[in-house]
Amino acid sequence: LKESLYLNMDVAELENLRDRPVVAHILEGSDAKRAGIELGHIVHKVNGIEVHDPEQAARLIREGPRPLPLVFYVPNTNGLVMSENDHLVKYDSKELDAPATVAEWKPKYVVIGGPISLPYIINMYRSKSEYDTAVLETQLGRQISVKVKQFSLHGARLINGYSANQENKGFHHVKYRNKAQAMRYIVILPAKGNPIKISSFNVEELEPVHEGCERMVDKYGHISQRVVKSGPGGEQAPSKPKQFEYPDEAPKQNRVHHYRSEEQSGANYHHNPQNAVDQYSNQQNAGQLMSVGNY
């Protein structure tokens, strides 16, 4: 949570939360989503009993009577940090530059870290709904049934594009025929394997994933800038990065890693639609308790 959802939260308030269960993921179309429960809400009481960790909350919800009252605490987060979105990606070629056509990009739902992954892992799902499925199956202790492509940012380099315009924020760009807007993309050189390119025609949509990669590369890898030479020839590719070995705990590609630690135990709690609240009250002001209706 300190490296993701609650990155901007006051340190003192974050420490006071201890291991209390935090809503770190909400399934699309669930009762929780429709009722107004939001990411970052903290489960305070279940059936009048104060809860202190995700396991206790899950047990009380599972075994409690119906209807079941819940109370949430809405912390002052100073803005939640989410590093995920729908993007076009390219990871199956050695080229640093964008592919020649839009058709060569693959649509993926990209998640940096997240509640069922190590924080420095790039996870690519075929859709948001399949990501929801992976989270739900993990919570239920089931084997993941959906496909996910994973890349580690340990020892990786983020190759920022050169630009005199600060608004470009280090993004590379490419203009395709018959497309009104230029595509912006980022380039990541992992310690092993081909470059990873993540793109979007919308800068605002690309920023969360870009910033998530920057944070993890700054902590676990390296940030570089592509060298640009004037005149014919365009951009010059950077020198080949030093090769780093993955740490023992790093998951292999194509395999979901179920991560849990004392520091992030709350990050794995989410609302199962089969165990979720049916009716909720509207969210109150940040820093206040939010009473929840029958369940």
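Points worth noting:
- The single residue among Val209, Val217, Val174 that is over 16 Å from Ile121 (Cβ atoms), surrounded by 14 or more Cβ atoms within 10 Å (Cβ to Cβ), modelled with pLDDT of 75 or more and among the β-branched types (Val, Ile, Thr) turns out to be Val174.
- The one condition in (1) of a type in the set (A, V, I, L, M); (2) at pLDDT 95 or above; (3) under 29 Å from Arg59 (Cα atoms); (4) open to solvent by 30 Å² or more (accessible area, probe 1.4 Å) that Val102 fails to fulfil: (3)
- Among residues of segment 30-50 being of a type in the set (D, E, K, R) and modelled with pLDDT of 80 or more, the one that is surrounded by the fewest Cβ atoms within 10 Å (Cβ to Cβ) is Glu50.
- Comparison of Lys94, Lys147, Lys128 shows that the only residue that is more than 25 Å from Glu55 (Cβ to Cβ), open to solvent by 10 Å² or more (accessible area, probe 1.4 Å) and either of a type in the set (Phe, Trp, Tyr) or in contact with a helix residue (DSSP H, G or I) (Cβ under 9 Å, 6 or more places away or on another chain) (or both) is Lys147.
- Scan of segment 69-81 for residues that are out of contact with any strand residue (DSSP E or B) (no Cβ under 7 Å at 6 or more places or on another chain) and surrounded by fewer than 19 Cβ atoms within 10 Å (Cβ to Cβ), ordered by number: Asn76, Asn78, Gly79, Leu80
- When segment 1-29 is filtered for residues that are assigned to a loop (DSSP other than H, G, I, E, B), open to solvent by 40 Å² or more (accessible area, probe 1.4 Å) and at pLDDT 80 or above, the ones remaining, listed by number, are Arg18, Asp19, Arg20, Glu28, Gly29.
The values are calculated or read from the model by the stated rules, or taken from the named source; none is laboratory data. Since this is a predicted model, take the numbers as computed values, not measurements. Cβ atoms come from the backbone with ideal geometry, glycine included; neighbour counts cover every protein chain shown. These accessible areas exclude ligands, DNA and RNA; they are computed on the full protein's heavy atoms, side chains included. Shrake-Rupley method; radii C 1.70, N 1.55, O 1.52, S 1.80 Å.
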